[in-house]
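Have a look at the structure below before the remarks.
The values are calculated or read from the model by the stated rules, or taken from the named source; none is laboratory data. What you are looking at is a predicted structure, and each value in this text was computed from that prediction instead of being measured. All Cβ positions, even for glycine, are placed from backbone atoms using ideal geometry, and neighbour counts span all protein chains on display. Accessible surface areas use protein heavy atoms only, side chains included; no ligands, DNA or RNA. Shrake-Rupley method; radii C 1.70, N 1.55, O 1.52, S 1.80 Å.
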Amino acid sequence: MTTKTLKDLPVEESLTSGTMLCAGCGGLLLVRIFEKVLGQNAVTVNAAGCMSMLSVFPNTPFKSSWFYVAMASAPAAAQGIRDALDILIKKGRVKKEDDLKVVVITGDGAASDIGLQATSGAMHRRLDFYYLVYDNEGYSNTGFQASSASPFSSATKTTIPSALAPEGNLLDKKDLFEIWTAHKPPYVATISPAYIADMMRKIEKASQFAGPKLFIAHSPCPPGWDVDSDAVIRLSKLAVETGIWPLKEAVNGEVTHSVIQKKRKPVEEYLKLQGRFEHLFEPARQDKVLQTIQNKIDAYWARVEK
Amino acid sequence: MKQLLTGNASVATAVRLCAVDYIPAFPITPQTEIIELLSRWINEDRMDAKLVMMDSEHSMITAAGAASLAGVRTFTATSSQGLLYGFEMLYNLAGWRVPVVMANVSRGVSSPITMEPDHNDVLSARDSGFLQIHAETCQEVLDSVIMAYLISEDSLVRLPTIVNLDGFYLSYTREPVEVPEREEVASILPQYIPTSGYMNAQNPVSVAVAVLDGRAYSYFKYQMHLASLNALDVHEKASKKFEKAFGRKYDIVDGFMLDDADYVIVMTNSLTTTARAAIKEMRNEGRKVGLVRIRLLRPFPRQKIGQMLAGKKGVAVLDQNISIGSGGILYPEVLGALYHRSDRPNKIISFIGGLGGKHIGISDFKHIMSVTEQSVKEDQQPLQSILLFTDSDWSKVKQMLKVAGKGEVEG
Ligand code: SF4
């Protein structure tokens, strides 16, 4: 495997500028790089979410094909398109060199909640496709309500810290990586917009496999997380440095970590920059909650480093 | 060649004859035999297609639409709860303007859950943009699947079609069916070539993008509506082609002993066969009765129905469905086909029967006609749907209530 650097990033854009998404959207940055690396012979299949606002009649920022489906069934649409292309190529109606990569792009709500069954089905059927989840840890397109990917103690519109629940969200983030990996697809990885070279290497590695190739991307969302647009990359970097967002991959179910910190920063450094965790510090520090979050991270890495 | 085929086998046979490329599937009674047969034929290399077992009807209908969009001839089948589970995607497929053909094997809708037929499942889809053909016999089922592709793939239409057949009454009933040769079907239905081209690297497309402007949204919805209305003529065109090739003819609305009839029953689907027998008996008794069967439910043949029922004394609309809180679903549609005519019938009465496969026999049809005749004579218009339920139905239910521990029920 060659080591990738930023210089290896293709110059040509597949996704052009001028969309109506928020400034500094982490998800959009991810989608742009993902599409750039995969190239233009691709069809993007999208489930309802923020990215659905990329193509709005009569405009599209994509040079390649785009297909908006519904919230629950983007992987099923990917199945239909992949099968159709295979049939068309086999029956000589489409040339092999005009084949398309089928790429599903959804948010964490579609991936972890309403579309989990459709994704499980696609993995079970060994569908040859890419799946990119821009994980902004909530239903951002509807104003940031909690999804099952919202982390413990984060504030969302449906987990507003209160006297009854001062910690905000009482539930843990669903472990989509483990759920996916349990299906033993050829390739699953977590990625981050602060680690582009890592991401490029992973996409390249994934592309060698036929079958499901799935990616979960740390995707800071300035309005939902209550951070400035220019903090996005810093946050993504801190997420990895504090260990709350492990960068890893699983090949046929075998997990390895692609970035391991010699010394992890305290998670507070990541949390205190975000308005969605402000209640853990102001008006009074919630030490117990902060310790719980830190303990969970430490326990995770203790298992990894064992 | 004539074969004894169930309704389900008639569907599957037609799908094979139409050289369908792709079949996403999910089992549900009483449809499952269709996908079992297709799967077997594909495995035995009697059919060059791919069948994929999906994880739900929602995924199944999605995959069908997506594959059709990419450019392959696609079929799928469902029933009842399955149709409702995938309901969201019906509207989507229509909006994607894909010529998918889907068989719906009618079955009542839960709750309470049942296996036997009525039309609440398929009629719930009436506003989706799918065309709807409702078949009376197994022969018509086979022929309608072929015609559905002819109509759906026509560039004036480009909308998906549901071919409806009744569970049990057709799905599991063998009837003699004339099965055409593959080449004969190919001669009227050549390989599918999508008008917007195959999805591939040479042809980048953006499909089903968001439309956040009411004017553009209206434009697309109006287009679908007008395209659906085009299917009235396109059905005629397809019907001529079909008749020329196979000698069987299907009209969007089917009249029986209608010309000199004073009293007419309007209905759909397989129960019509029993109704025809009842009409014949009543004719023998000297009653001037006739029948109208609506075959094409979407687009709704308003003009044709108006013409066929104009000048009659009384019309009974038999709905094998129930819109809770309103009554029969087809009844207001038939009224709408007649109101503007000065020669409209004196009385148009709504009946509901056959829910969950409840038996309707010749005596029921006689009762329907008598009530209709009576209302005309007495100039009485019942304002609510008349719910067919015989004394023997009631005593049977009373027995069951007793077994269920509900005690003796006053009737
Ligand atoms: S709400 Fe968040 S995820 Fe959505 S476009 Fe804005 S920044 Fe991106």
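Overview of values
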quantity: Residues of the stretch A:63-80 that turn out to be within 16 Å of the ligand (Cβ to nearest atom) and modelled with pLDDT under 95, as a count; calculated: 0
quantity: Filtered residues of the stretch B:199-224 (kept if open to solvent by 40 Å² or more (accessible area, probe 1.4 Å), part of a helix (DSSP H, G or I) and either within 30 Å of A:ASP99 (Cβ to Cβ) or in contact (Cβ under 8 Å) with a residue 24 or more places away in the chain (or both)); calculated: B:PHE220
quantity: Residue in the stretch B:225-239 that is farthest from the other protein chains (Cβ to nearest Cβ), counting only those that are touching a Pro at 6+ places or on another chain (Cβ under 7 Å) and open to solvent by 30 Å² or more (accessible area, probe 1.4 Å); calculated: B:LEU232
quantity: Single unsatisfied condition, A:ALA302 versus (1) in a helix (DSSP H, G or I); (2) more than 19 Å from the chain's Cα centre (by Cα); (3) surrounded by 13 or more Cβ atoms within 10 Å (Cβ to Cβ); calculated: (3)
quantity: Among residues of the stretch A:26-51, those that are open to solvent by 10 Å² or more (accessible area, probe 1.4 Å) and among the hydroxyl-bearing types (Ser, Thr, Tyr), counted; calculated: 0
quantity: Tally of residues being in contact with a Phe, Trp or Tyr (Cβ under 8 Å, 6 or more places away or on another chain), within 14 Å of chain B (Cβ to nearest Cβ) and near the ligand (Cβ under 10 Å from one of its atoms) across the stretch A:20-38; calculated: 0
quantity: Restricting the stretch A:210-231 to residues that are in a loop (DSSP other than H, G, I, E, B), more than 12 Å from A:GLY24 (Cβ to Cβ) and not aliphatic (A, V, I, L, M), the residue that is farthest from the ligand (Cβ to nearest atom); calculated: A:GLY211
quantity: Criterion (open to solvent by less than 10 Å² (accessible area, probe 1.4 Å) and either among the small types (Gly, Ala, Ser) or within 16 Å of the ligand (Cβ to nearest atom) (or both)) met by exactly one of A:SER17, A:SER55; calculated: A:SER55
quantity: Residue satisfying condition, being open to solvent by 10 Å² or more (accessible area, probe 1.4 Å), within 9 Å of another protein chain (Cβ to nearest Cβ), in a helix (DSSP H, G or I) and more than 13 Å from A:LEU214 (Cβ to Cβ), within set A:ILE87, A:ILE81; calculated: A:ILE87
quantity: Residues located in the stretch A:144-180, provided they are on the phi < 0 side of the Ramachandran plot, polar (S, T, N, Q) and touching a Gly at 6+ places or on another chain (Cβ under 6 Å); calculated: A:SER147, A:SER150, A:SER154, A:THR156, A:THR159
quantity: Per-region count, the stretch A:145-180, residues within 16 Å of the ligand (Cβ to nearest atom), of a type outside the set (Ser, Thr, Tyr) and open to solvent by 10 Å² or more (accessible area, probe 1.4 Å); calculated: 5
quantity: Considering residues of the stretch A:181-208 that are within 21 Å of A:ILE260 (Cβ to Cβ) and basic (Lys, Arg) only, the residue surrounded by the most Cβ atoms within 10 Å (Cβ to Cβ); calculated: A:LYS202
quantity: From the options A:THR106, A:THR119, residue that is β-branched (Val, Ile, Thr) and either in a helix (DSSP H, G or I) or open to solvent by 10 Å² or more (accessible area, probe 1.4 Å) (or both); calculated: A:THR119
quantity: Tally of residues being among the β-branched types (Val, Ile, Thr) and under 24 Å from the mean Cα position of the chain (by Cα) across the stretch B:51-71; calculated: 2
quantity: Strands (runs of 3 or more DSSP E) completely within the stretch B:35-120 that count 3 or more residues being open to solvent by less than 10 Å² (accessible area, probe 1.4 Å); calculated: B:75-78, B:101-106
quantity: Checklist (1) among the β-branched types (Val, Ile, Thr); (2) within 14 Å of another protein chain (Cβ to nearest Cβ); (3) within 23 Å of B:SER10 (Cβ to Cβ) applied to B:VAL98, failing item; calculated: (3)
quantity: Of residues in the stretch B:1-34 being surrounded by 22 or more Cβ atoms within 10 Å (Cβ to Cβ) and hydroxyl-bearing (Ser, Thr, Tyr), the one nearest to A:MET123 (Cα to Cα); calculated: B:TYR22
